[in-house]
1. For Cα pairs less than 8 Å apart in space and 6+ apart in sequence, what is the mean separation divided by the residue count of the stretch 54-178, i.e. the relative contact order in percent?
2. Classify the stretch 55-116: rounded, prolate or oblate, from the alpha-carbon gyration tensor (a ≥ b ≥ c, eigenvalue square roots; a/c under 1.5 rounded; otherwise prolate if a/b is larger than b/c)?
3. Near Lys42, which aspartates and glutamates are there with a Cα under 12 Å away, not counting those fewer than 8 places off in the same chain?
4. Starting from the exponent 0.38 and prefactor 2.2 Å, build the expected Rg for the stretch 25-143 from its residue count and divide its actual Cα Rg by it.
5. Post the alpha-carbon centroid distance, the stretch 97-116 to the stretch 139-167, in whole angstrom.
6. Note the full-extension length gain between Glu35 and Gln90 as 0.36 nm times their separation in residues minus their Cα-Cα distance, in nm to one decimal.
7. Using the 10 angstrom Cβ neighbour count as an exposure proxy, how do Ser84, Ser149 rank, fewest first?
8. With 20 Å as the limit, write out which pairs from Lys48/Lys74; Lys48/Lys129; Lys76/Lys151 have Cα-Cα distances beyond it, or answer none.
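We did not get these values from a lab; they are worked out from the coordinates using the rules stated. Everything numeric in this text was worked out from a predicted model, so none of it was measured. With ideal geometry, Cβ positions are generated from the backbone for all residues, glycine too; neighbour counts draw on all protein chains shown.
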Amino acid sequence: MHRFSLTACGKLFPAVVLCGFLLGQPGPAAAGPAEELALFLKIFPQTKSLGIIYSDPKNEAAVAALKSAADTLKLKLLAVKVASINEFPQALRELQPQADTVWVLDDPLYANLDAWKYFIMFCLRHQLKTVVPNRRGVELGGLCCFPESGKALINKKVLGLLGLDLGPQAAEVSYYGA
């Protein structure tokens with residue numbers, strides 16, 4: 001697996017020791033995938049395709065729900081299931097030319113800090129938007145999450161690094177960071 005140093009990651013990653021899943025449990029959102037995806041498209045209407053990389057068989061239902069929502073909204077969705085973290089970098093490289101957004105599920109793949117840093121740096125380098133399961137994912141470099149029904153939390157630093165400007169937004173958006 002490719003290794004990144006904290007210096008290479010700049011100030012994007014706080015120096016913390018994490019236990020269990022890196023991202024923890026998904027936020028208290030009552031929203032389902034269809035509502036979250038519709039809100040994401042309202043904020044980022046230029047989105048054309050989603051990618052999902054996961055390893056846990058428990059995420060099959062979430063992938064199916066996102067696929068259904070994406071089909072309804074006329075979005076392309078590519079889901080890649082990997083057997084181990086060793087397949088993660090290759091899965092990202094295969095996904096990158098086909099997706100403009102990566103939707104992160106609560107999956108053990110993202111529990112490894114090195115894998116998370118690799119994922120975030122890869123997405124930034126290739127201008128991929130990232131939707132993460134909760135606020136902690138936004139704090140650790142993800143672009144956005146849906147902390148409650150009808151609301152999106154956007155990482156301003158990542159927004160700038162991706163060269164995105166939302167302009168004036170409705171009340172459903174709040175910002176993390178300066």
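1. 17
2. On the way: a/c = 2.24, a/b = 1.44, b/c = 1.55.
Oblate, since a/c reaches 1.5 and b/c is not below a/b.
3. Straight-line reach from Lys42, under 12 Å: Glu172.
4. So the stretch 25-143 has a normalised radius of gyration of 0.97.
5. 16
6. Values: separation 55, 0.36 × 55 = 19.80 nm, distance 3.04 nm.
Once the chain is fully extended between Glu35 and Gln90, it gains 16.8 nm.
7. Ser84, Ser149
8. Numbers: Lys48/Lys74 8 Å; Lys48/Lys129 11 Å; Lys76/Lys151 24 Å.
In this structure, Lys76/Lys151 exceed 20 Å between Cα atoms.
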